[in-house]
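Undergrad: Below you will find the structure I want to go over with you.
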Amino acid sequence: MLRLSGVGVSGGQAAGPLVRVAEPLPEPIATPAVENHDAEAARIGPAAETVANGLFTRAAGVEGDAKAVLETTAAMAMDPSLSSRAEQLVRQNSLPAPRAVLEAAEEFAESLRATGGYLAERVRDVYDVRDRIIAELLGVQPPGVPPLTEPSVLLARDLAPADTADLDPEMVLALVTEEGGPTSHTAILARSLGIPAVVAVRGLLAATSAVAAEVDGDAGTLELSEERIAVRAPERGGGENWTGTGSTSDGHRIKVLANVGAATDATAAVASGAEGVGLFRTEFCYLAVADEPDVATQRAAYAEVLEPFAGKPVIVRTLDAGADKPLGFLDTGSEPNPALGVRGLRIAFDRPEVLDRQLEAIAGAARDSGAEVSVMAPMVATAEEAAWFAERARAAGIARAGVMVEVPAVALAAEELLREVDFVSIGTNDLAQYTFAADRQLGALAALNDPWQPALLRLIGTLGKAGVAADKPVGVCGEAAADPLLGRVLVGLGASSLSMVATAVPSVGSALAGTSLRNCERAAEAALAAPDAGRARAAARDALE
């Protein structure tokens with residue numbers, strides 16, 4: 001048995017035969033030069049349409065998050081900006097269609113990667129669509145998950161959303177990847193399906209002779225075997241005690257909320273029993289448009305997401321974009337390090353009218369839908385910035401204003417920050433990235449972005465204490481909240497709400513219901529005292545058991 005380690009992103013143990021996910025296609029070449037430009041360019045649109053239709057067909061056979069993922073990927077395949085840019089490259093540079101699609105997709109990916117945060121996480125989607133269109137142009141099978149004939153452990157370099165959206169959890173024992181991190185699609189999907197998963201496993205693909213594996217998603221380890229081993233399926237469940245009202249076993253109230261980014265997400269959140277929304281990402285309204293949507297367009301789009309939550313709390317995050325012109329109407333110029341550049345609220349300091357129009361639309365959508373809407377700003381670095389945002393939000397008619405805590409500086413100035421706003425919400429993904437100076441998109445740095453890192457937990461504890469002292473809510477809306485074990489630690493650190501992917505709501509709510517506040521605090525104390533992420537997780541589990 002060969003033992004390898006990575007980052008455990010979804011708990012549980014499983015064992016069984018390995019199935020390897022096909023590697024991406026070889027990079028299409030730029031030669032020979034195309035002579036009939038119009039005929040070659042004309043191949044691209046139909047290929048993209050065929051890919052989109054195939055994804056829509058798959059989407060018709062599933063529901064919930066899987067349906068949303070497949071429909072989103074299909075919509076990206078149909079995005080005329082990608083096809084038109086590829087057609088332009090055929091005509092300008094005499095490129096074969098597959099090569100033109102590759103280069104056009106790379107331009108889009110680089111633009112998204114430069115901005116960081118949520119938009120950067122769409123890069124994998126762009127590459128997935130690219131590979132599918134190229135495969136269609138070449139007349140070959142696209143890379144991805146092969147048909148499974150028996151319950152298996154999937155092994156891959158990484159997994160695209162559309163590769164995994166309609167996986168059968170009865171056939172997938174566990175997921176293991178060489179790349180990816182705690183916030184990757186693989187991690188989110190595995191948690192939602194209750195499948196053990198380990199990512200960022202160095203040397204995984206080199207183990208070509210392995211035919212089976214034992215996976216421990218809690219410890220972040222796997223053992224590869226060159227011989228068949230007995231199949232062991234993971235134990236699933238954990239949502240049996242979810243009543244729709246979050247609290248610990250001794251009655252301490254904790255709101256259990258969902259993260260949403262579109263109307264389909266809102267539907268899934270309601271179905272999960274979420275008490276409301278802790279993070280409504282508004283970027284969907286701005287993607288694939290050349291000009292800023294007007295107030296009426298934004299208002300209608302937001303209202304559609306808010307309507308299922310009439311009478312319930314929803315926290316809307318204002319536009320989190322910027323850097324290297326990821327949005328056509330926001331020209332922030334070229335930046336040497338866009339992740340540390342003009343993004344999030346920083347855009348509004350030079351373009352306050354963009355923020356004001358969005359706040360006007362959000363306030364209107366709140367009235368239209370009847371939801372109890374609050375707003376928060378991303379990428380806030382000082383209490384002064386928080387005060388500036390809160391003043392504009394209240395002037396727009398939105399009573400509650402808060403900020404995202406993603407920058408370590410505001411965690412260290414928590415007391416001053418909470419004097420200026422009504423609440424804060426911790427974005428654990430970016431807070432980890434900036435605390436450890438580790439790009440969360442890089443699998444090589446995934447261990448530093450593990451939300452169990454004690455230094456990160458200490459920052460969260462600082463905010464929790466400040467929130468209790470100020471009698472103001474401190475929520476967590478990063479994917480760390482979707483882990484039932486870590487969620488209880490976050491409550492022990494002072495979190496007053498947890499917001500997560502909708503499918504994790506029942507298991508997290510149920511875990512809280514079965515644990516007292518004092519036991520959550522004991523688990524938090526044990527994790528804080530640990531020297532590293534792995535031992536923090538183990539110490540918290542021991543404390544709760």
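Undergrad: Considering only protein heavy atoms and a probe of 1.4 Å, how much of the accessible area of the chain is carbon and sulfur, as a whole percent?
TA: 52
Undergrad: Same structure again: Using a/c under 1.5 as the rounded threshold, could you call the range 397-519 rounded, prolate or oblate? The axes a ≥ b ≥ c are square roots of the C-alpha gyration tensor eigenvalues, and prolate needs a/b larger than b/c, oblate otherwise.
TA: Oblate, because a/c is 1.5 or more while a/b does not exceed b/c.
Undergrad: Given axes a ≥ b ≥ c from the Cα gyration tensor, I'd like to know whether the chain is rounded (a/c under 1.5), prolate (a/b larger than b/c) or oblate.
TA: Oblate, since a/c reaches 1.5 and b/c is not below a/b.
Undergrad: Largest first, how would Phe56, Phe389 line up by accessible area (1.4 Å probe)?
TA: Phe56, Phe389
Undergrad: Work through the residues other than Glu360 whose Cβ is under 12 Å from its Cβ and net out their charges, Lys, Arg +1 and Asp, Glu -1.
TA: Every neighbour counted, the sum reads +1.
Undergrad: Also: What is the local net charge at Val375, summed over the other residues whose Cβ is closer than 13 Å to its Cβ (Lys, Arg +1; Asp, Glu -1)?
TA: -1
Undergrad: Can I ask one more? Local charge sum around Pro454 (other residues, Cβ-Cβ under 12 Å, Lys/Arg +1, Asp/Glu -1)?
TA: 0
Undergrad: For the chain, what is the calculated [θ] at 222 nm in deg cm²/dmol (nearest 500), taking -39500 (n - 2.57) for each run of four or more DSSP H residues and dividing by its residue count?
TA: -13500 deg cm²/dmol
Undergrad: Something else now. For Lys67, go through the aspartates and glutamates and keep the ones whose alpha-carbon is under 19 Å away, minus same-chain ones fewer than eight residues off.
TA: Within the straight-line limit of under 19 Å, Lys67 reaches these aspartates and glutamates: Glu49, Asp79, Glu121, Asp125, Asp128, Asp163, Asp166, Asp168, Glu170, Asp265, Glu304.
Undergrad: State the answer as a single residue: which of Ser152, Val140, Tyr127 lies farthest towards the positive end of the charge dipole of the range 118-162, with beta carbon charges of +1 for Lys and Arg and -1 for Asp and Glu, about the Cα centre.
TA: Farthest towards the positive pole: Tyr127.
Undergrad: Now for a different question. Apply the a/c threshold of 1.5 to the C-alpha gyration tensor of the range 142-212 and tell me whether it is rounded, prolate or oblate.
TA: Note, shape of the range 142-212 comes out rounded.
Undergrad: Another one. Could you state how much accessible area Thr245 has, in square angstrom rounded to the nearest 10, with a 1.4 Å probe and all protein chains kept in place?
TA: 80
Undergrad: Give, rounded to the nearest 20 debye, the magnitude of the charge dipole that the chain has about its Cα centre when Lys and Arg contribute +1 at Cβ and Asp and Glu contribute -1 at Cβ.
TA: Around 1080 debye, computed over the chain.
The values are calculated or read from the model by the stated rules, or taken from the named source; none is laboratory data. Note that the structure is predicted; figures quoted are calculated from it, not measured. Methodologically, a virtual Cβ is constructed for each residue, glycine included, from the backbone with ideal geometry; neighbour enumeration extends over all protein chains shown. Heads up: the accessible areas ignore ligands, DNA and RNA and are worked out on the full protein's heavy atoms, side chains in. Shrake-Rupley method; radii C 1.70, N 1.55, O 1.52, S 1.80 Å.
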